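This report concerns only the one structure given below.
Taken together, the values in this text are just the output of simple stated rules run on the coordinates, not laboratory data. Please read these numbers as outputs of a predicted model, since none were measured by experiment. Neighbour counts run over all protein chains shown; Cβ positions are idealised from the backbone, glycine included.
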Amino acid sequence: MLAGCAGPLSTLEPSGPAAASIAGLWWVMLAGSAILFAMVLVLFLLTVFRPGWGSRISPARWVVLGGLVLPAVVLIPLLCYALYAGELLLPLRAHAPARIDAIAQQWRWTFRYPEEGNVETDGVLHLPAGRPVDIAVTSKDVVHAFWIPRFAGKIDAVPGHENLLRLQADQPGQYAGQCNQFCGIGHAQMHFTVIVDRAEDFSAAVKNAAAATVEVKK
């Protein structure tokens, strides 16, 4: 179980603020569910080892206390935290950063960089470290899903429609992304590499990668 908490596709090993918010929500929900389970377990053990315990409480009161009050003590704080975490993930258009287009197609990804002269890379997404980037996700054929677990949650790639996902990578390095929506027989191979460059090296890295993509297509 612990081995599944790390690795290139682990959401519990965040490398950006959006992923950190999601991971934090997961840990808070785990703690909340553990508290709720412990409360129910205590009531169960009291019933087993102390027969007759609670007999003075009416059935209606048990329904109110056990079915409403007990879950509410845990679930309401979890709901409030989830709403707060969700707000942190919203791409506010008033502060729109650089944009990269992610175009899905059975069974590959193409990335276009409008601010770098509309150059394209296939199967490799370049990001600048420490800078937010809006990923405009769409599809040429069927519904896919864009997902980089260590940076953010997934978002659907829908034909004829753009969905916006804001990413920020904390550190330079190489990461993994994939399609997270079954899209046909080649779905298992529809993954891509994410290379996070130093901010000052980003433009040069994108142009070099785009030139390599052109050479491969020839």
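Quick notes on this one:
- The rule of thumb for compact globular proteins, 2.2 N^0.38 Å, goes into the C-alpha radius of gyration of the chain 1.36 times.
- With helices as the sole contributors, the chain gives -11500 deg cm²/dmol at 222 nm; each DSSP H run of n ≥ 4 counts as -39500 (n - 2.57), and the sum is divided by every residue.
- For the range 2-89, the alpha-carbon coordinates run over 53, 30, 11 Å along the three principal axes, in decreasing order.
- Degrees between helix 17-49 axis and first principal axis of the chain (Cα, 0 to 90, nearest 10): 20
- For the range 25-61 and the range 171-195, distance of Cα centres in Å: 43
- Dividing the mean sequence gap of close Cα pairs (under 8 Å, 6+ apart) by how many residues the range 2-89 holds gives a relative contact order of 36 percent.
- Nitroxide proxy distance, nm - points 7 Å out along Cα→Cβ at L89 and M39: 2.5
- Degrees between helix 202-217 axis and first principal axis of the chain (Cα, 0 to 90, nearest 10): 70
- Rounded to the nearest 20, the size of the Cβ-charge dipole of the chain about its Cα centre is 800 debye, with Lys and Arg at +1 and Asp and Glu at -1.
- Whole-Å semi-axes of the ellipsoid equivalent to the range 96-217 (Cα gyration tensor, √5λ, descending): 21, 16, 13
- Candidates per chymotrypsin sites (Phe, Trp or Tyr not before Pro) in the range 15-120, loop by DSSP, up to 15 other Cβ within 10 Å: W53
- Using the Cβ-Cβ distance between L75 and A188 with R0 = 45 Å, the FRET efficiency computed as 1/(1 + (r/R0)^6) comes to roughly 0.75.
- Placing dummy labels 7 Å off each Cα toward the beta-carbon, the span from A98 to S10 is 2.9 nm.
- Angle between the chain longest axis and helix 70-89 axis [Cα atoms, degrees, rounded to 10]: 10
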